[in-house]
Amino acid sequence: MEAVKYYSRDIFTLTNEEIIKLVDMILVNYNLDRIAHSLYQERPSLSREINYRKIEAINGLYEFAYVIKVTLGFEDLGRKITTGFVLSNEGAPGDNEIYEGDFYIGSVLGFYQPFEHVVHLNGTGKGFGIDFDYSHLIVYTKRLYQFFNDTLRLWSSNLSPDKYQYNQHLLDLGKENIQEYVIEEVDNINQPERIAAISK
Amino acid sequence: MERIRSILTLTDDEIISTVDLLLKISRPVIDGVELMSSGDMRYRKIEVKSAEIVPGIIFRISYAEEVNSKKDVVSFILEDGINDIFILPVNRARYTADFVNPLNITSNFAGIDQPVREVYMFFAENLQLWNLSIVPFSINNNIKDDWYTVEEKIIID
């Protein structure tokens, strides 16, 4: 396939609002169903209705990656569960001058596993506390691409300058003991309309 | 309504190309060691079968660093959705639970650890999944309920 030159935003330029949109896009009804179904042994017939969701960005240990962790409270489950994914730029920092970069989204366990006990002597993937790995989820290939291309416009040229500005919250991860920050936290008591919108 | 070319119409050559792409990017690992690059691989066998109750293909890829050494196995499902496709590690598809163990999988396939644009462009441009101007595609009749070997090769420098 012939290489196509295109412009690319860095994943560290995503705003908090864009990260929330990304989570909304991935954790749609059929994936909430898949997580609920995986909990049938603990709670038979658990529905996908949620009453709590928290989105956190976590230090990804590399300056080209960060982890998005989502904590979910299901209506009929007596505890909260977590899922999430890692976002990473392709290529090393500084390579993006040509703006040809692609980026990865995927399993936290899968991302760190090759380096565990080699680079990270104590292991890493499980340390993020993800109950339901990203590989549990159905992510449609074209839908994912179109979201990043059309909605977040990761590969569009001539965007307004703010689209290329870094999200300082993301840049600060790993600095001065900042390991994570909360992007959104909603529940059915304080934000019932928001919970209704994301769990239908 | 937008339609796509079914995964079941992929030719044998396109199945091999798909494995080339996805194994390059998926980084399956064995005991913490990343899958060898193609330059280190000495043996590869690609088998496919129908996903049976859903329109899709189950892939089973065996590979080894030495021709006569123990083979490692990675597996995933490429499945048709409505106007779209998705990839799942075989152990994530609940309906396949009965035959996951007989697959003797030794590598963890994080099949969605993917460069977003590269993967989409491969399916859209190389395999023309969303281009209906060159229909009709024929179903690949080699993809049945039993395993079919698409490729088995020994790689010698």
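The values are calculated or read from the model by the stated rules, or taken from the named source; none is laboratory data. No experiment lies behind these values; they were computed from the predicted model shown. Heads up, the Cβs are rebuilt from the backbone with ideal geometry, glycines too, and the neighbour counts pull from every protein chain shown. These accessible areas exclude ligands, DNA and RNA; they are computed on the full protein's heavy atoms, side chains included. Shrake-Rupley method; radii C 1.70, N 1.55, O 1.52, S 1.80 Å.
Residues of segment A:151-200 that are closer than 21 Å to residue A:58 by Cα and assigned to a loop (DSSP other than H, G, I, E, B): A:152, A:165, A:166, A:167, A:172, A:173, A:174, A:175, A:176, A:177, A:178, A:179. Checked against (1) within 14 Å of chain B (Cβ to nearest Cβ); (2) surrounded by fewer than 13 Cβ atoms within 10 Å (Cβ to Cβ); (3) modelled with pLDDT under 80, residue A:151 passes all but a single condition, namely (3). Total residues in segment B:106-137 satisfying the condition of being modelled with pLDDT under 90 and open to solvent by 70 Å² or more (accessible area, probe 1.4 Å): the figure is 4.
Can you work out which of the residues in segment B:70-89 that are of a type in the set (A, V, I, L, M) and touching an Asp or Glu at 6+ places or on another chain (Cβ under 9 Å) is nearest to the other protein chains (Cβ to nearest Cβ)? Break it down into steps so the answer makes sense when it comes.
At the first step, the residues of segment B:70-89 found to be of a type in the set (A, V, I, L, M) are B:73-74, B:77-78, B:82, B:85, B:87-88.
Subset that is touching an Asp or Glu at 6+ places or on another chain (Cβ under 9 Å): B:85, B:87-88.
On the way: B:85: 5, B:87: 7, B:88: 7 Å.
If we take residues in segment B:70-89 being of a type in the set (A, V, I, L, M) and touching an Asp or Glu at 6+ places or on another chain (Cβ under 9 Å), then B:85 is nearest to the other protein chains (Cβ to nearest Cβ).
Name every residue in segment B:44-82 that is farther than 30 Å from residue A:143 by Cα and either assigned to a loop (DSSP other than H, G, I, E, B) or modelled with pLDDT of 85 or more (or both), in order of residue number. Even if it seems obvious, please write down each step before you answer.
Narrowing segment B:44-82 to residues farther than 30 Å from residue A:143 by Cα: B:44-45, B:62-72.
Hits for segment B:44-82 are B:44, B:45, B:62, B:65, B:66, B:67, B:68, B:69, B:70, B:71.
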